[in-house]
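Data block below; observations after.
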Amino acid sequence: MRRTASVLLAVALVLGGCVVGSDEIELQDPALVEEGAGLYAANCAACHGDDLRGTDKGPSHLSVLYKPSHHADGAFLLAVQNGSRSHHWSFGDMPPIDGLTPENVEAIVAFVREKQRTEGFESYPP
C-alpha cells in the first residue's frame, strides 16, 4: 500500500511538477529552496557537489541532462526512493537514499531547479 502511494505521488510530481517537454524553470518558493539547500548539503552534495557541478562520485545537476524535459521533478523522487541505474555516465548505479520523505525531495528539487534557473545548464558530455 505504501509503495502504491509513493508511485502515485511520483506520477503526480512528474505530471504536475513541470510541463513535460518544457525547460522553462519558474522562480521557486524561497522557503522551500532554503530547506532544500540544507537537505541537499546533507544528502546529495557528497556525490553531486556542493555547487551541484558533480564530483568523481556523481554527475552535475547542472548538466543539460537534468533539464525538466529530460529529468522531470518526479524522476528525482524515484531516484531517491529506488536508486537509479547508471545510464548517462560511468559513475555506477545510485543507491536509494534512506530517510528522505517525498516532501524532503520536493524541497531538494526546488533548490536544484532554482540553481538551474539562475546558473543555467552545462553541456553534455562535460
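Just so you know, all these numbers are worked out from the coordinates, no wet-lab data involved. As the structure is a prediction and not an experimental result, all values here were calculated from the model. Positions of Cβ are generated from backbone atoms using ideal geometry, with glycine treated the same way; all protein chains shown enter the neighbour counts.
Below is a table of values for the structure above.
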read-out: FRET efficiency estimate (nearest 0.05) - Cβ-Cβ, F121 to L27, R0 25 angstrom; value: 0.90
read-out: Burial ranking of peptide ranges 75-83, 42-50 (average Cβ count within 10 Å, highest at the top); value: 75-83, 42-50
read-out: HN-Hα J in Hz across segment 37-45 - Karplus 6.51, -1.76, 1.60, θ = phi - 60°, x for Gly and Pro; value: 4, x, 5, 4, 4, 7, 10, 10, 4
read-out: Under 5 Å, built H, 5+ apart or other chain: amide partners of S63; value: E122
